[in-house]
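Step one of this worksheet: look at the structure below.
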Amino acid sequence: MDSIIHPVMPPAKKQVWEYLANGLVRHVPTGNFYSRFQVHGKRTMKSLETDNASVAKLRHLDKLAQNERTRQSGVRAGAGKGTMGDILREAIEVYEQNTEHSEKSKVCFRASARRLEKHWGVCFGSALATTRPSKVTAALVEKFSNYLSTQAVWRRHNTRKIRKGYGPATANVTLELLFRVMTFAKARGFVTEVPFQLKGDLGKKSLLKPEPKKKFDFPTQKKIQEVFAHMRTVGKAPTDQPELLVYLQRRANESGDFAEFMAYSGARVEEAASWVWEDERDNSIFIRGTKTESSKNREVPKIPAMVALLKRMKERRLAEGRKVTGRAFTVTQCTEALTTACKLAGVQRWTHHTLRHLFATRCIESGVDVPTVSRWLGHSDGGALAMLTYGHLRKEHSEAQAAKVSFAA
C-alpha cells in the first residue's frame, strides 16, 4: 500500500500590527498603542506610550486634534497670515485695550516691541515681521538673549553715548514680550507649543533666569557728602573760555542740587524735575505725584539738610539775577554726573532711586516709624511696601536701641 504524503503547510505569519478604527494601531507583541495619521502628505506613526485601550483612545484623539491644528496653521501661513509681525501687532492691540494697564505701561510695552523687532532683524539678518512662528526655536531664543546682553547696540535717551549690551532687566522684558507673542501664536493655532519657557530652560547663562539682587551697602554720611561735592566739581574745562566754564559750573551745581533734593525728600526723579518754588511751605515741601497709582501728592517735612539746601539754591539763584519762582531745576536727570561722582568717591554706583532709598534709610535709622516714612514716600498701601523693603532696618535699629537699655546700678 502506497504511503500518503501530506504536503507541509507553511507556518502562519504572526500578526504584528492590529489596525483599529480611525487610525488607532496596536503593536501585538508588546500591546502598546500607536497613532497613525498624515502630516503634509506623509504618513507617520506616533507612540501613545500606553498599553491601555481606554487611555490610548483619548490620547489618539488628542494627537488627531494636534495634527489638525498643525495642518490649519500651514494653510493660514500659506495664505500670507500668521507671521510674527501679525501676532505682535495683535498682542499690542490686546494690551492697549486693557483698561487695567496705565498709559506709562503701554508706552513701555510699545518700546519693548520696537526693541524686539529692531534687534531680532540685526541678530538674524531677517525681519521678525516676516518670520513664521514655527521657525522660532529654543536655540534661536538663546542666541537672541545672548545677543541682547552682549552685542546689541543702543543709545540712552537724551544722551549721545553709544552703549553695547542691555542690562538684565531690559533684556528680560524683551524676552517676556517674545514669550507673550509665542503664547498668542499657540492660542491661534500657528504653533503647537511655545518652544521655550521663562524660568531658565535655555542654559545656565540665559537671561531668562532671574538675576540675584545685589545687597546695597549704604555709605557713611561723610561719603554721601563727598559724592555730592564731586557732582559740583567741573572736570577738565578750557580756561580760555570763561563763558563756557561758567555754564559748566552752573550745570554741575544744578546736578548736585537735584541729587541732594531727592536724597533729602525721597522724591522720584519725575517729581523732583517738576518741583516748583511755589510748593515750598514754612516747615515742609509739597510734592506733586505723577498721577500713577504709586505716586501720590504729599507733604514732606523739611529736614535740616533740606532747609540748608533750599537756602543755598535761593542765594545762588538771586546772585545769578533770576527770580525764585517757577521750576527749581533746569535739569531733569543727573545719571551720568552721579555715576562719575560715585567712581571718584569710591562707592558703589548710585541711581536716582538710590537717593530715594537713602532718604528712607536715614529716616528709619533716625527713629521715624515705617508707616510715616511710607506716607512721605508717597505710597498708598499703608506702609506694606516700605515694611517689606525696610523692615530689616527697623529690626536692626530696635536691637541697637535695646543694647543701650541697662538695669545695672
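The values are calculated or read from the model by the stated rules, or taken from the named source; none is laboratory data. Computed from a predicted structure; not experimentally measured. Note that we place each Cβ from the backbone using ideal geometry, even for glycine, and neighbour counts take in every protein chain shown. With ligands, DNA and RNA removed, areas are computed over all heavy atoms of the protein, side chains included. Shrake-Rupley method; radii C 1.70, N 1.55, O 1.52, S 1.80 Å.
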List the number of the failed condition for Phe184; all other conditions in (1) in a loop (DSSP other than H, G, I, E, B); (2) open to solvent by 20 Å² or more (accessible area, probe 1.4 Å); (3) in contact (Cβ under 8 Å) with a residue 40 or more places away in the chain hold. (1)
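Which residue out of Asp51, Asp2, Asp62 is open to solvent by 90 Å² or more (accessible area, probe 1.4 Å), modelled with pLDDT of 65 or more, of a type in the set (Asp, Glu) and more than 44 Å from the chain's Cα centre (by Cα)?
Of the residues listed, the single one that is open to solvent by 90 Å² or more (accessible area, probe 1.4 Å), modelled with pLDDT of 65 or more, of a type in the set (Asp, Glu) and more than 44 Å from the chain's Cα centre (by Cα) is Asp51.
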Using the structure shown, decide if Thr183 is modelled with pLDDT of 85 or more and at negative phi. yes
Considering the stretch 263-312, residues that are open to solvent by less than 50 Å² (accessible area, probe 1.4 Å) and touching a Cys at 6+ places or on another chain (Cβ under 9 Å), and then whichever is farthest from Gln333 (Cα to Cα), we arrive at Gly266
Hey, could you check the stretch 88-111 for residues that are acidic (Asp, Glu) and open to solvent by 80 Å² or more (accessible area, probe 1.4 Å) and say which is farthest from the chain's Cα centre (by Cα)? Glu93
Considering every residue within the stretch 233-240, establish whether at least one is under 18 Å from Cys334 (Cα atoms), modelled with pLDDT under 90 and open to solvent by less than 80 Å² (accessible area, probe 1.4 Å). yes
Would you mention how many residues in the stretch 143-167 are surrounded by fewer than 16 Cβ atoms within 10 Å (Cβ to Cβ) and in a helix (DSSP H, G or I)? 2
Condition set more than 18 Å from Val191 (Cβ to Cβ) and surrounded by 14 or more Cβ atoms within 10 Å (Cβ to Cβ), scope the stretch 27-46, selection modelled with the lowest pLDDT: answer is Phe37
Any chance you could count how many residues in the stretch 112-142 are closer than 23 Å to Val194 by Cβ, open to solvent by 30 Å² or more (accessible area, probe 1.4 Å) and either part of a helix (DSSP H, G or I) or among the aliphatic types (A, V, I, L, M) (or both)? 14
